[in-house]
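Worksheet for the structure shown next.
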Amino acid sequence: MSDLLRSALEEAAAALGHPGADFVVERPRDPTHGDLATNLALVVAKARRANPRGVAEELLKVLAPPAGLIARTEIAGPGFINFWLSESHLTDALASIIDAGPAYGRSDEGRGVKVNVEFVSANPTGPLHVGHGRGAALGDAIGSLLEWTGHDVTREFYVNDAGVQIDRLGESLWARVQEAAGREGTVPEGGYHGDYLRENAATLLADEGAAFADLAPETGVARARARGIELQRQEQDRDLADFGVHFDVFSSEQAVYDRGAVAAALAELDTRGLTFEKDGALWFRTTDYGDDQDRVLRKSDGTYTYFLPDIAYHIDKFNRGFHRLIDVWGADHHGYIPRMRAAMRALGHDERQFEIAMVQLVKVVRSGEEVKMSKRAGTFITLRDLFAETGTDAARYFFLMRKADSHLVFDVELATRQTDENPVFYVQMAHARLSGIFRTAEIDPSAATGTPDLAGLPAAQDLELLKKLTAFPGLVSRAARESEPHRICVYLEELATTVHGWYHHTRTVGEAPSIEQNRLLLARAARTVLANGLGILGLSAPDRM
């Protein structure tokens, strides 16, 4: 119930003149330090340049937590405030988990806020690679966290179907069509060489007929360009669907040009006095809004840079009524962040309305050696190759279990191992073990009912597990606010450890009636929280393993 305490602390901070203070409420690692702790006093003290312990005393004087929530408090160390939950609150918490079931952990704190989460957005020039997979898992989980906290979420894929790379796709595919027809075909410099293009060439000839290869080169390349985009988009959609990722909206870069949005964006920037001419090119004054240098919008040869259509696309998002935009970008876009943030500021948007979730590189290893490429893709490991070997649950979990902006080593052998060393197996096994208790009791989990009574939970492991369960709503709230799904993974692994320990050190079926009933309630609640956490990540909660 850290969410209830957090709300009370926010009110206390506001009463002291510090609304919006950025602080944490979390379980201390040492249980002797209480059930929950906060650093709020240190945060306020830093802003005031005051003594943290003195600020902590002020906070406790104005703090008004819900009745029955807190048994006692303590100021510790340099100014941390520790809290012990009351027994009556723990009883109520167990009942609330049972009552809420699949909705436990949900809130409406984001009600009325429309959020666009744009992710993957791969060029339609080849198969999805493991980097796209990490971005797909992250974007989908961010969307899920926002939905759990009441936001109105739209998941969007932006198809980069314009520009030089698409021209190279058409030329490369046309070369493979010529090869398939028994002629010489040359992939252009900077083109694509993977075997998937030979597959696409065979598909083209089967669909269009052998005469397709006889088209005039200009016509053939244009047709290969269009069909190449279509075939790669179909493959990407299949891969993402099989990976458990679905989108609400697909937007096209070419469509941004075709409907005049790029020209309109340029006109708006001109009207706002944000552009200037230099060296025959048109520039954007992004340095006025925090960028380290001004940026070219239209090159001296009259063509646009990628920056301009990207600005037009984000203007369109805001015009569609979104209050927040979250873009999931790969590490290669890191240098692009300052200019896009500058553009959003220049157009009058609060920087809190535009967020970048950066996904760092993934290194796939097997037997300690890096796996560098896929024969079919030519230069990289495809997402489908990976999850076909590990399963979608393991792949998604491994992509999410580390902070997105940190490098990830994906150990294929570990991901497929059916042991406690594998974190996703460890978490799912905790759910399966709890399910097994109900099979032993010969009842459905939903049949575990009654009014909780802490006297029926006499072991220290009982209370440890119950207290861990009460942290879930606050954790979901924080993970959503910070767009950090890895926090859910960390919590699930900690909860699984607690569940496994409880399972080994206590007995449920066959105990005295009161203990059996209350432990069945506790097992049902723990099973619920594990399933809800796995569901946020897009993973299954198996009853048997």
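Distance between Cα centroids, region 518-545 to region 26-73: provide it in whole Å.
For region 518-545 versus region 26-73, the Cα centre distance is 31 Å.
Between residue 367 and residue 446, what length comes free when the chain is fully extended (0.36 nm per residue of separation minus the Cα-Cα distance, one decimal in nm)?
Extra length from residue 367 to residue 446 when fully extended: 24.1 nm.
Ignoring ligands, DNA and RNA, how do 142, 315 rank by accessible area with a 1.4 Å probe, largest first?
315, 142
With Rg/Rh (Cα atoms, Kirkwood Rh) defined as stated, name the option among (1) 1.11; (2) 1.04; (3) 0.96 computed from the structure displayed.
Structure-derived value, by its label: (2).
Given the rule -39500 (n - 2.57) for each run of at least 4 DSSP H residues, summed and divided by the residues of the chain, what is its mean residue ellipticity at 222 nm, to the nearest 500 deg cm²/dmol?
-16000 deg cm²/dmol
Counting only heavy atoms of the protein chains, get the accessible area per residue of the chain (1.4 Å probe) and round it to a whole Å² value.
Result: 44 Å² per residue.
Where in the chain are the DSSP H helices whose alpha-carbon span along the long axis reaches 30 Å or more and whose Kyte-Doolittle mean is at least -1.0?
Helices meeting the criterion: 513-536.
With a 1.4 Å probe and all protein chains kept in place, how much accessible area does residue 349 have, in Å² rounded to the nearest 10?
Rounded to the nearest 10, the figure is 50 Å².
Tell me, what % of the accessible area of region 179-292 is carbon and sulfur with a 1.4 angstrom probe?
Roughly 49 percent, rounded to a whole number.
What order do 18, 193 take when sorted by accessible area (1.4 Å probe), most exposed first?
The most accessible residue leads, giving 193, 18.
Of the cross-linked pairs 278/299; 372/403; 46/468, which ones have a Cα-Cα span greater than 19 Å in the structure shown?
372/403; 46/468
With every protein chain left in place, what is the accessible area of residue 514 in Å² (1.4 Å probe, nearest 10)?
50
Less than 25 Å apart at the alpha-carbon level, and either on another chain or at least 8 residues along: which lysines does that give for residue 317?
Those lysines meeting the cut-off are 114.
Could you check the simple spin-label distance between residue 421 and residue 360, using points 7 Å along Cα→Cβ, in nm with one decimal?
Taking the two extended label points, one gets 2.3 nm.
Share of region 320-439's accessible area from carbon and sulfur, percent, 1.4 Å?
Here carbon and sulfur together make up 49 percent of the probe-accessible area.
In nm², what is the average projected area of the convex hull enclosing the Cα atoms of region 342-464?
14.8
The values are calculated or read from the model by the stated rules, or taken from the named source; none is laboratory data. Nothing here was measured: the structure is a model prediction, and the numbers come from that model. Backbone-built Cβ (ideal geometry, glycine too); neighbour counts: all protein chains shown. All accessible areas refer to the heavy atoms of the entire protein, side chains included, with ligands and DNA or RNA removed. Shrake-Rupley method; radii C 1.70, N 1.55, O 1.52, S 1.80 Å.
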